[in-house]
Amino acid sequence: LSGGMRSDVEYSPVGEGLGMREYWLYVWLRRAAVVAAHVTGLGLTLIISLLSRPGTSLFSWHPVCMSVAYCLCMTEGILLFSAEGSPFCFKSRKGKVRLHWFCQALVLIAAATGLGFIVASKNVSEHSHLVTWHSWLGICTLAATVLQASCGICVIFPKLLRLSSFLPRLKLYHATCGLVVYLLATVTVVSAMFSDWFQATVKGVAWWAFFLLPLFPALVVMNQITNAYLPRKKITS
């Protein structure tokens, strides 16, 4: 602090109060969870793409695009900031921010493409739009994604938009809203598993496995964001 003043508040590090063995076990469990979240996001995207048989119909491209957008790109765009298990841990903070923006741009492109395919499919088959919970959740997720991207623009160009004095608060809002968008996207993906198409394609134990899988990356993402932005335990000296 200025003037040589000593702060009377410190923040406890991760694993405060744990013994050395417990601390390293905690660290390795966190790393394993992040790696598993990477694998789950990629695995879900690949399996859903295979089940969709892209190219067989207009609709077949909808689950492919949406899984690429939210299960893969959005998951990777958030997890690349993880210190425990990011494949881009060697990158500088500036490099990670650029990769984050690249991933989020892919989210918007893939999601918009997926929306176009489902709208075209329903128009061709003359089915009504917005008649299921999944469709309404999907629209809400897309709208929230666009708003979140707009918030991100404010974070990356604070000087241009004359928001420099609000930058710390904007970063907090951006992270918090990002978590809301990710959880909303997870609910939307899970709701798709109750659709006639998915239930006709996947049945029995496999259906329950698909139902639970999207929840795991969501828990890892929620843990990452809350640990990074929520105030830690204060220790008075």
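Since every read-out is calculated from the coordinates, none of them should be taken as a lab result. Everything numeric in this text was worked out from a predicted model, so none of it was measured. Quick reminder, even Gly has a Cβ in these numbers, built from the backbone with ideal geometry, and neighbours come from all protein chains shown.
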For region 30-131, which GluC sites (Glu not before Pro) are in a loop by DSSP, counting at most 11 other Cβ atoms within 10 Å? E126
Computed about the Cα centre, the charge dipole of region 15-171 from +1 Lys/Arg and -1 Asp/Glu charges at the Cβ has a magnitude in debye, to the nearest 20, of 660 debye
If packing is taken as the mean number of other Cβ atoms within 10 Å per residue, what is the order of 184-190, 109-115, highest first? 184-190, 109-115
With the crude spin-label approximation of a point 7 Å out along Cα→Cβ, what separation in nm comes out for F157 versus L29? 4.5 nm
Hey, can you rank 54-66, 204-216 by average C-beta count inside 10 Å, highest first? 54-66, 204-216
